[in-house]
1. In the set Ile39, Ile76, which member is open to solvent by less than 90 Å² (accessible area, probe 1.4 Å), on the phi < 0 side of the Ramachandran plot and in contact (Cβ under 8 Å) with a residue 60 or more places away in the chain?
2. Take Leu63 and tell me if it is aliphatic (A, V, I, L, M), surrounded by 14 or more Cβ atoms within 10 Å (Cβ to Cβ) and either in contact with a Ser or Thr (Cβ under 7 Å, 6 or more places away or on another chain) or modelled with pLDDT of 95 or more (or both).
3. Quickly run through region 46-60 and pick out the residues that are touching a Leu at 6+ places or on another chain (Cβ under 9 Å) and either in contact (Cβ under 8 Å) with a residue 60 or more places away in the chain or loosely packed, with under 14 Cβ neighbours inside 10 Å (or both).
4. Of everything in region 17-36, what is open to solvent by 60 Å² or more (accessible area, probe 1.4 Å) and acidic (Asp, Glu)? Give them in sequence order.
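The values are calculated or read from the model by the stated rules, or taken from the named source; none is laboratory data. This one's a predicted model, so the numbers in the text were calculated from it and none came from an experiment. Neighbour counts run over all protein chains shown; Cβ positions are idealised from the backbone, glycine included. Accessible surface is based on the protein model in full, side chains and every heavy atom, while ligands, DNA and RNA are left aside. Shrake-Rupley method; radii C 1.70, N 1.55, O 1.52, S 1.80 Å.
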Amino acid sequence: MGKIPLLKAIAITIRDERLALGMSQEHLADNSALDRTYISGVERLARNVSVKSLEKIIKGLGLTNKEFLSKLLNNIEEAE
């Protein structure tokens, strides 16, 4: 499989982790202090997530930065 862009890998990782937790976009948005439409836009690649917002989303998923980055790296490696 070909390489996937970093932004897409981030979106996939967020969506996969959210779904694995049985969490709606609304719930993640509430946990992250962000708007649901922002979460939706990030997952659909319609928004370029900022590092500041990504940190909020990671916290909203109940992950550490290291845990999220590990999962992100796994998604990138699987695509290569």
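1. Values: Ile39 fails: in contact (Cβ under 8 Å) with a residue 60 or more places away in the chain.
Testing whether each residue is open to solvent by less than 90 Å² (accessible area, probe 1.4 Å), on the phi < 0 side of the Ramachandran plot and in contact (Cβ under 8 Å) with a residue 60 or more places away in the chain leaves just Ile76.
2. Numbers: aliphatic (A, V, I, L, M): yes; surrounded by 14 or more Cβ atoms within 10 Å (Cβ to Cβ): yes; either in contact with a Ser or Thr (Cβ under 7 Å, 6 or more places away or on another chain) or modelled with pLDDT of 95 or more (or both): yes.
In short, yes.
3. Asn48, the sole residue that qualifies.
4. Glu26, Asp30, Asp35
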